[in-house]
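**Student:** The structure is given below, and queries will be raised subsequently.
The values are calculated or read from the model by the stated rules, or taken from the named source; none is laboratory data. Values in this document were obtained by computation on a predicted structure and should not be read as measured data. Heads up, the Cβs are rebuilt from the backbone with ideal geometry, glycines too, and the neighbour counts pull from every protein chain shown.
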Amino acid sequence: MPSLSISVVLTHFNKGALLQRTIESLNPELPELTEIIVVDDCSTDPNWPAFSKQLEEQYFPKVKIVQNSTNEGPARRLNQGGNLAQGDYIFFMDADDVLVPNRLKDIASLLQTNDCDLFYGNKVKTHNLDVLQQHPHMDITISNDPLTFIIQHNIMEMCVMCSKSVWSNSGGCNPSLFIQDESLSLQLGRAANKLAFTETPTVFVILDQEETKTIRGNNRLSQNLNQQHHDTFMTIYDFLNSNQLTSGQQLKLKQKALSTYWKSLKFRNRKSFFEFMNYVVGKMNPENTWNKRNSQLKSYFEKLDHVRKPS
């Protein structure tokens, strides 16, 4: 098997000491791990400058921290890191999660062995660090139609590795949006030839009550459902309008976009009998509903409150 090199890209905003735990889980001494690129999104934590310097010194020369003077969101910062990566493979995960031991090399070797250029793994929440040792082997599903598989299974976890060429051909995340999840999976799926997917837990979100409250706090984008709904819908809207997709791919994406609109209405307590009937009709005939309403729904999402957009 030919030698391989891996770049890891982490986007960071006020993650504090959780970032060090993430880096340690990557096994920085691994020979195949060429670099760990941490793209900071203009953190406001006063301790960050000193901590970032300490990380670079501790893991030199592998940890490379990219500082930014504006806050643009993880989508643009992930693009920034991915475009800087030098490895044959690029691995993306969140900067406050933990990777299963030895998984990084296993994924890259898996891609080589099966001639795959894209991998997605399962991300699991846990309160118990001991579970990291319970999943040493992965059960893998291979697909020769990555985009269809990703759409059908709603795959968008931040546990993903791709070849350098897939990243280059994908164009990266939609730069007009803040959150990367939906955009990254669709763009990579469109560019890839062969996908390896596992439901075996691979990345863990460690749920420590005190830690979550004091360190993660309000920095978690998952708390802003308006942002999530906006970016999911707009990703799908843009993707449908900029790609030649099969009828099956289009149908699943339109169904998800319509469902996202209904979720947004429920979250904002804007439900009505009229919209409920539209939702029911959309479930039965999403194609017709989308054709009639997509511009109206786009306008709705563009006017949502508390939604961040890159400058």
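**Student:** Residue check: is residue 121 assigned to a helix (DSSP H, G or I), under 17 Å from the mean Cα position of the chain (by Cα) and not aliphatic (A, V, I, L, M)?
**Tutor:** Answer is no for this residue.
**Student:** Right, next: For segment 37-71, name all the residues that are modelled with pLDDT of 95 or more and among the acidic types (Asp, Glu).
**Tutor:** Within segment 37-71, 40, 41 meet the criteria.
**Student:** Could you look through segment 161-180, keep only residues that are outside any strand (DSSP E or B) and hydrophobic (A, V, I, L, M, F, W, C), and pick out the one that is surrounded by the most Cβ atoms within 10 Å (Cβ to Cβ)?
**Tutor:** The qualifying residue surrounded by the most Cβ atoms within 10 Å (Cβ to Cβ) is 173.
**Student:** Continuing with the same structure: Considering each residue of segment 241-255, count those that are over 14 Å from residue 148 (Cα atoms) and buried (at least 19 other Cβ atoms within 10 Å of the Cβ), and give that number.
**Tutor:** Total satisfying the criteria: 0.
**Student:** Looking only at segment 181-195, decide whether some residue is in a strand (DSSP E or B), at pLDDT 95 or above and within 30 Å of residue 136 (Cβ to Cβ).
**Tutor:** Yes: one or more hits.
**Student:** Enumerate the pairs (first residue in segment 256-275 and part of a helix (DSSP H, G or I); second residue anywhere and among the hydrophobic types (A, V, I, L, M, F, W, C)) with beta-carbon separation below 6 Å, excluding pairs fewer than 6 apart on the same chain, so at least 6 apart or on different chains.
**Tutor:** Hits for this filter: 257/233; 257/236; 260/233; 261/297; 267/225; 275/265.
**Student:** Starting from segment 233-251, keep only residues that are acidic (Asp, Glu), then list their pairs with residues that are not in a helix (DSSP H, G or I) whose Cβ atoms are within a distance under 8 Å, requiring at least 6 positions of separation or different chains.
**Tutor:** 238/174; 238/176
**Student:** Residue 22 is checked against (1) hydroxyl-bearing (Ser, Thr, Tyr); (2) part of a helix (DSSP H, G or I); (3) within 19 Å of residue 88 (Cα to Cα) and fails just one. What number does that condition carry?
**Tutor:** In the conditions (1) hydroxyl-bearing (Ser, Thr, Tyr); (2) part of a helix (DSSP H, G or I); (3) within 19 Å of residue 88 (Cα to Cα), residue 22 misses (3) alone.
**Student:** Another question, then. Would you confirm whether or not segment 76-83 contains a residue that is more than 19 Å from residue 159 (Cα to Cα), out of contact with any His (no Cβ under 9 Å at 6 or more places or on another chain) and either outside any helix (DSSP H, G or I) or assigned by TED's automatic domain parsing to the domain that holds residue 107 (or both)?
**Tutor:** No; the residues of segment 76-83 include none that is more than 19 Å from residue 159 (Cα to Cα), out of contact with any His (no Cβ under 9 Å at 6 or more places or on another chain) and either outside any helix (DSSP H, G or I) or assigned by TED's automatic domain parsing to the domain that holds residue 107 (or both).
**Student:** From 186, 147, 177, 110, which residue is in contact (Cβ under 8 Å) with a residue 12 or more places away in the chain, more than 23 Å from residue 257 (Cα to Cα) and among the hydrophobic types (A, V, I, L, M, F, W, C)?
**Tutor:** After applying the criteria, what remains is 110.
**Student:** In contact with a helix residue (DSSP H, G or I) (Cβ under 6 Å, 6 or more places away or on another chain), farther than 26 Å from residue 307 by Cα and not assigned by TED's automatic domain parsing to the domain that holds residue 233, is that true of residue 147?
**Tutor:** Against the criterion (in contact with a helix residue (DSSP H, G or I) (Cβ under 6 Å, 6 or more places away or on another chain), farther than 26 Å from residue 307 by Cα and not assigned by TED's automatic domain parsing to the domain that holds residue 233), residue 147 qualifies.
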